[in-house]
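Reading through the structure tokens given below for one structure.
Just so it is clear, none of the values below were taken in a lab; they were calculated from the coordinates. The model shown is predicted, which means the values in this text are computed figures rather than measured ones. Positions of Cβ are generated from backbone atoms using ideal geometry, with glycine treated the same way; all protein chains shown enter the neighbour counts.
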Amino acid sequence: MNEFAMRYETLLRGAAWLCLAAIAMATLSPLGLRPTTGWPPSIERFLAFALVGGLFVAAYPRHILFAAAVVLGAAALFEVLQVLEPSRHGRLFDAGVKLSGGSFGLIVGWLLARWLPRR
């Protein structure tokens, strides 16, 4: 692997983990500290996990099962951990939206990695 590819992979991995950490902060912080975009919360959840799913597939292209375990496991875990925050609540519907978004991002990222020419 050349130097550019190694730096690119390192950058992608950092972006994937930072994005997941940002989602954790937004999900587990008190409701008053939760950032909003003005979009419906379900759309925000779906897009956030779609982004992190795509980033993890790009960052770990030879470890798809690892990427899926991290993204989908985090979606479920974050929803369960919301029970510990008094101003938040974990709901099955919200978990489904996060899991759907993460799955969408993983699938689209995997398809792009398979179809785009390697450089």
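Couple of notes before you dig in:
- Relative to its residue count, the range 3-115 spans a Cα convex hull of 101 Å³ per residue.
- Per-residue ³J(HN,Hα) for the range 98-103, Karplus 6.51 cos²θ - 1.76 cosθ + 1.60, θ = phi - 60°, Hz, x for Gly and Pro: 5, 5, 5, x, x, 5
- Note on the chain: with a GNM built from Cα contacts shorter than 10 Å, the maximum mean-square fluctuation among Val57, Val80, Val71 falls on Val80.
- Rounded to whole Hz, the Karplus (6.51, -1.76, 1.60) HN-Hα couplings of the range 13-23, x for glycine and proline: 5, x, 5, 4, 5, 5, 5, 5, 5, 5, 5
- For the range 39-45, 3J(HN,Hα) computed residue by residue from phi via the Karplus equation (6.51, -1.76, 1.60; θ = phi - 60°) reads 7, x, x, 5, 5, 4, 4 Hz, glycine and proline entered as x.
- Tensor-based shape of the range 71-119 (alpha-carbon gyration tensor, a/c under 1.5 rounded, otherwise prolate or oblate): prolate
- Local net charge near Phe104, Cβ-Cβ under 13 Å (Lys/Arg +1, Asp/Glu -1): +2
- The Cβ shell under 13 Å around Ala75 holds other residues with a net charge of +1, Lys and Arg each +1, Asp and Glu each -1.
- Relative contact order %, the range 23-119, counting alpha carbon pairs below 8 Å whose residues are six or more apart: 40 percent
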